[in-house]
Amino acid sequence: MEERIIKLEMNVPKTFPPVKPLGYKDKKRILVSGGAGFVGSHLVDRLMMDGHSVTVVDNFFTGSRKNIEQWIGHENFEIINHDIINPLFIEVDQIYHLASPASPPHYMLNPIKTLKTNILGTINMLGLAKRVKARFLISSTSELYGDPEIHPQSEDYWGNVNPIGPRACYDEGKRAAEAICYAYVRKENIEVRVARIFNTYGPRMHINDGRVVSNFIIQAIENLPITIYGSGKQTRSFQYVSDLVEGLVALMNGNYSLPVNLGNPDEYTIEKFATLIKEFVGSSSPIVFKEGLEDDPKQRKPDITRAKNYLNWSPKVSLQDGLQKTVNYFKKEIQMSKTGLRS
Ligand code: NAD
Ligand code: UDP
Ligand code: UDP
């Protein structure tokens with residue numbers, strides 16, 4: 001019986017999401033490192049639907065094939081299972097360099113590997129950009145501002161990072177990655193774009209991601225305690241993933257070459273956010289306070305004047321709409337993991 005179903009499935013031609021026809025001159029060969037991850041896979045959807053040829057390079061540390069399964073078999077799509085700390089030789093026109101763990105529990109798991117990915121990996125991706133003369137965009141982060149002393153954070157703030165703390169592997173890795181980018185600009189004339197991304201959420205966040213949005217939503221759906229680390233007075237500003245993708249594409253294709261913040265300036269205390277999620281899901285979860293994390297930034301909110309002025313970009317999706325899509329996603333994922341359809 002099982003064998004028959006597999007055979008039937010193999011005979012049904014796969015239908016792909018609609019793809020714009022692009023002329024030879026407009027169609028680009030685009031590399032997305034980290035394209036099997038949360039943000040990367042949404043970017044891949046956008047670039048594929050725009051009609052480009054997309055190659056995903058990923059070592060599947062936190063990414064997953066299911067995030068990009070909708071494109072597997074499409075003639076414009078390719079996946080390379082590769083760790084970017086090793087050199088990569090392919091031919092492309094643009095590089096979106098996103099490969100790096102992003103959630104604190106993931107990047108702290110192996111801090112040496114996080115540093116290697118951000119430093120050696122970025123050098124390799126820039127070496128590739130240099131050889132093939134590709135434009136290069138890096139996904140940097142608001143973590144570059146550390147525990148910020150100015151609020152909101154604008155791009156000319158140099159940050160307040162503890163260089164030897166538990167978050168340093170990521171924060172300093174990304175700071176080094178930005179320094180490497182501008183060294184390649186000065187020495188090799190590479191066309192570089194730097195996106196400083198603030199907290200982003202949406203469907204396809206890993207179920208064990210450990211970041212606040214996924215943790216709180218899963219805890220609320222399961223009626224488990226919602227865990228606030230520390231006082232809950234620390235703040236974050238949450239951006240929906242489709243807004244980020246719009247910003248990344250605008251940045252890549254625009255003329256602005258200094259760093260640009262991409263984030264939603266709507267700021268919440270973590271305590272307020274916990275209550276909001278609990279009410280949104282209609283959950284009976286208790287809200288509990290756990291020990292605070294070392295070096296946890298106390299406040300974070302992007303100044304997006306640069307993105308508005310140079311990219312004509314600002315976030316469009318309300319927290320209400322973004323949360324609805326994300327909660328629906330996690331409800332399905334939890335259901336599937338319970339019925340054994342997803343591991
Ligand atoms: P994610 O963990 O879902 O995606 C990262 C992807 O990179 C995964 O597919 C992972 O397997 C891959 N990867 C990691 N190390 C690799 C290596 N050595 N070689 C090849 N592939 C590797 O995280 P995300 O949230 O999608 O983040 C994507 C990028 O955006 C990261 O660079 C992150 O620093 C940046 N960023 C994200 C946020 C956010 O809130 N999501 C905020 C700031 C910056
Ligand atoms: N590199 C790569 N793919 C390429 C070209 C270079 O992965 O297509 C790697 C290369 O192996 C090197 C790094 O990128 O380790 C930096 O390359 P660059 O040419 O800037 O430096 P060099 O090779 O001169 O040290
Ligand atoms: N946080 C929390 N409970 C959780 C996960 C995170 O209170 O279950 C807090 C965390 O301490 C931080 C904020 O939520 O103050 C955002 O954490 P996240 O890991 O999502 O991202 P960060 O902005 O710290 O990289």
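Rule-based calculations on the coordinates, nothing more; no lab input. Here the structure is a predicted model, which is why all the values come from computation and not from measurement. Neighbour counts run over all protein chains shown; Cβ positions are idealised from the backbone, glycine included.
The set of residues in the stretch 194-235 that are over 23 Å from ASN67 (Cα atoms), among the β-branched types (Val, Ile, Thr) and within 16 Å of ligand 1 (Cβ to nearest atom) comprises VAL194, THR235. The strands (runs of 3 or more DSSP E) found entirely in the stretch 191-269 that carry 1 or more residues being among the hydroxyl-bearing types (Ser, Thr, Tyr) and over 30 Å from ALA179 (Cβ atoms) are 226-229, 267-269.
For the stretch 94-107, the criterion of being in contact (Cβ under 8 Å) with a residue 60 or more places away in the chain, in contact with a Pro (Cβ under 6 Å, 6 or more places away or on another chain) and either closer than 20 Å to GLU188 by Cβ or away from ligand 2 (no atom under 16 Å from the Cβ) (or both) is met by at least one residue. For the residues LEU144, LEU137, the requirement of being within 20 Å of the chain's Cα centre (by Cα) and part of a helix (DSSP H, G or I) singles out LEU144. Selection within the stretch 275-318: residues that are crowded, with 19+ Cβ neighbours inside 10 Å and in a helix (DSSP H, G or I). The member of this set that is nearest to the chain's Cα centre (by Cα) is ALA307.
Could you check, for the stretch 83-93, whether at least one of its residues is away from ligand 2 (no atom under 16 Å from the Cβ), over 28 Å from LEU144 (Cα atoms) and among the hydrophobic types (A, V, I, L, M, F, W, C)? Scanning the stretch 83-93, I find no residue that is away from ligand 2 (no atom under 16 Å from the Cβ), over 28 Å from LEU144 (Cα atoms) and among the hydrophobic types (A, V, I, L, M, F, W, C), so the answer is no. For the structure I just gave you, tell me whether ASN124 is farther than 26 Å from HIS52 by Cα and polar (S, T, N, Q). In short, no. Looking at the structure I just gave you, is ILE119 within 15 Å of ligand 2 (Cβ to nearest atom), in a helix (DSSP H, G or I) and closer than 25 Å to ARG306 by Cβ? Against the criterion (within 15 Å of ligand 2 (Cβ to nearest atom), in a helix (DSSP H, G or I) and closer than 25 Å to ARG306 by Cβ), ILE119 does not qualify. Among the residues making up the stretch 60-81, a single one is of a type in the set (Val, Ile, Thr), in a loop (DSSP other than H, G, I, E, B) and either under 10 Å from GLY34 (Cα atoms) or within 19 Å of the chain's Cα centre (by Cα) (or both): THR62.
Here's the yes/no breakdown for (1) hydrophobic (A, V, I, L, M, F, W, C); (2) in contact (Cβ under 8 Å) with a residue 12 or more places away in the chain; (3) within 16 Å of ligand 1 (Cβ to nearest atom):
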site	(1), (2), (3)
ASP296	no, yes, yes
ALA307	yes, yes, yes
LEU323	yes, yes, yes
PHE330	yes, yes, yes
SER337	no, yes, no
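When GLU149 is tested against the conditions (1) within 13 Å of ligand 1 (Cβ to nearest atom); (2) part of a loop (DSSP other than H, G, I, E, B), the lone failure is (1). Here TYR107 meets each of (1) within 16 Å of ligand 3 (Cβ to nearest atom); (2) out of contact with any helix residue (DSSP H, G or I) (no Cβ under 6 Å at 6 or more places or on another chain) with one exception, condition (2). From the list LEU126, LEU137, the one residue that fits, being within 23 Å of ASN199 (Cα to Cα) and either buried (at least 18 other Cβ atoms within 10 Å of the Cβ) or within 11 Å of ligand 1 (Cβ to nearest atom) (or both), is LEU137. Applying a threshold of 7 Å to beta carbon distances and a minimum spacing of six or more residues, or different chains, the list of pairs starting in the stretch 16-41 at a residue that is touching a residue at least 24 places away in the same chain (Cβ under 8 Å) and small (Gly, Ala, Ser) and ending at one that is part of a loop (DSSP other than H, G, I, E, B) and surrounded by fewer than 16 Cβ atoms within 10 Å (Cβ to Cβ) reads ALA36/PHE60.
Counting only residues that are crowded, with 21+ Cβ neighbours inside 10 Å and either β-branched (Val, Ile, Thr) or part of a loop (DSSP other than H, G, I, E, B) (or both), the stretch 34-59 holds 11 of them.
Is there any pair with a first residue in the stretch 118-134 that is under 9 Å from ILE95 (Cβ atoms) and a second that is β-branched (Val, Ile, Thr) and within 15 Å of ligand 1 (Cβ to nearest atom) whose Cβ atoms are under 7 Å apart and which are 6 or more apart or on different chains, and what are they? Filtered contacts from the stretch 118-134: MET125/ILE84; MET125/ILE95; LEU126/ILE180; LEU128/ILE95; ALA129/ILE95; ALA134/ILE95.
Scanning the stretch 177-207 for residues that are without any contact (Cβ under 8 Å) to a residue 24 or more places away in the chain and aromatic (Phe, Trp, Tyr) returns a single hit, TYR182.
Would you say VAL194 is touching a strand residue (DSSP E or B) at 6+ places or on another chain (Cβ under 8 Å), within 14 Å of ligand 2 (Cβ to nearest atom) and within 29 Å of GLU91 (Cβ to Cβ)? For VAL194, the condition - touching a strand residue (DSSP E or B) at 6+ places or on another chain (Cβ under 8 Å), within 14 Å of ligand 2 (Cβ to nearest atom) and within 29 Å of GLU91 (Cβ to Cβ) - is not met.
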